1. If one computes the Cα centroid of the stretch 33-57 and of the stretch 106-121, what distance in Å separates the two points?
2. Quick one: which residues, 5+ away or cross-chain, put their amide H under 5 Å from the amide H of A275? H built at 1.01 Å from N.
3. For the chain, what does -39500 (n - 2.57) per DSSP helix run (n ≥ 4), summed and divided by total residues, give at 222 nm, in deg cm²/dmol to the nearest 500?
4. F156's amide H: which non-local residues (gap 5+, or another chain) put their own amide H closer than 5 Å, with H modeled 1.01 Å from N in plane and none for Pro or chain starts?
5. Could you compute the net charge surrounding N38? Neighbours are other residues with a C-beta less than 14 Å from the C-beta of N38; K and R count +1, D and E count -1.
6. Tell me the Kirkwood hydrodynamic radius of the stretch 248-287 in angstroms, computed as one over the mean inverse distance between distinct C-alpha pairs.
7. Straight-line reach from K201: which lysines have a Cα under 27 Å away, not including same-chain ones fewer than 8 places off?
8. Take each of the peptides 176-187, 32-43, 230-241, average the number of other beta-carbon atoms within 10 Å over its residues, and list them starting from the highest.
Amino acid sequence: MSLSDDLAHLQQDALAQFAAARTSEAVEAVRIAFLGRNGRIKELQKAFGQASAEEKRALGALFNQCLESVKQAHQNAQLGLAGAEVDEPIDLTLPSGARHLGSVHPLSQVAREVEEVFTSMGYTVIDGPHIEQDEYNFGRLNIPADHPARDAQDTFWLTSQGWRDGDRLLRTHTSAVQSRTYRLVGEGTLTPPFRRVVVGKVFRYEAVDATHDNTFTQVEGFVVDKEITVAHLVGTIRTLLTAVLKRDDVEVRLRPSFFPFVEPGFEVDVRSTSAEPGSRLSRWVELLGCGMIHPRVLEQGGVDPSRWQGFAFGLGLERLAMIRHDITDIRLFNGADLRSLHQFGTGA
Ligand code: FA5
């Protein structure tokens, strides 16, 4: 093979190998192999030295051109590497270095406090299903199908292919858990006396405003025991409000009201005396309904009303939290606006 063939092969090899080198180590290895002190170009140079003067003249320009093109290939490989490093895919979804501390939702904080107050008074915390049956949400609570009290609780009925799906609904109040509990007595799996508290979501098909949401939280408390009176009920509500509100600028009033599942029935309203005059919290806000459990409701579940009595109440947790924290709009709780929610933050 002639020197000119050798030159052509060397150039071809060098260009191919530089083009294939993907890391800086690989590029350096190719550089040493071709341009290094003992590299292939040096070897060819030695062979050149032994060539005739005529050959040297003929091939000198070709040699220089080969050398230049190999050096250029080396330079290109280095530039390519630098470019590849810069173009490395960047994952924009990776979290930044900053750490954002989460906090407990204000409603969850108040829920925990409510549960603590009741467990300290001997109550057991329970819950029932969100998808309820007509029977537990209404029927066993003395609210028959044609009873006007159903209008107060506009209901999300479950549908199947556009049709009302039997008697399934999203529970409109936690009183449904009362009916479920009394049934256990009839079935023989629960024996009075007992104290129960429920903190759970309820759903109503109604217009949303500053004090009404369509998904909100109720606290249901009920006691079945002997010689229970309205005084026990009032004392319990008083204990709850004192422990949770932690403020002395709140007025509370108890007034007669009607719920088919209690007799007598009451409602408790609250208002803040320090709220800006005319603001929502400066006016009475209905906080809870309550009363002595109707004998027929106990009877429906199998609890003998001649031996056992009790009281029950159902409270709107968002409204309690609003008064506690001076929150003037209920929509803050489900709004997921972290700027507002962080203001009430505490550690987990
Ligand atoms: C009831 O739901 C009864 N089950 C309460 C009850 C239980 C009475 C046991 C007697 C014995 P009412 O519909 O008034 O009652 O709701 C109770 C509380 O839930 C209200 O006082 C209010 O604080 C809250 N509440 C009612 N509707 C809404 C709403 N749309 N948004 C936020 N809170 C509400």
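1. The stretch 33-57 and the stretch 106-121 have Cα centres spaced 90 Å from each other.
2. Amide H to amide H, under 5 Å and 5 or more residues apart or across chains, A275 pairs with nothing.
3. Working: 12 runs with 147 residues, N = 348.
Computed mean residue ellipticity for the chain: -13000 deg cm²/dmol.
4. L170, Y205
5. Details: positive: R31, R37, R40, K42, K46; negative: E43.
Its environment carries a net charge of +4.
6. Values: mean 1/r = 0.0903 Å⁻¹.
About 11.1 Å, per the Kirkwood formula over Cα pairs.
7. List returned: K246.
8. Working: 176-187: 20.7, 32-43: 14.6, 230-241: 16.8.
Highest-to-lowest ranking by the protection proxy: 176-187, 230-241, 32-43.
Throughout, read-outs are computed from the coordinates displayed, never taken from laboratory work. Keep in mind the model is a prediction, meaning the values are calculated, not measured. Positions of Cβ are backbone-derived with ideal geometry, glycine not excepted, and every protein chain shown enters the neighbour counts.
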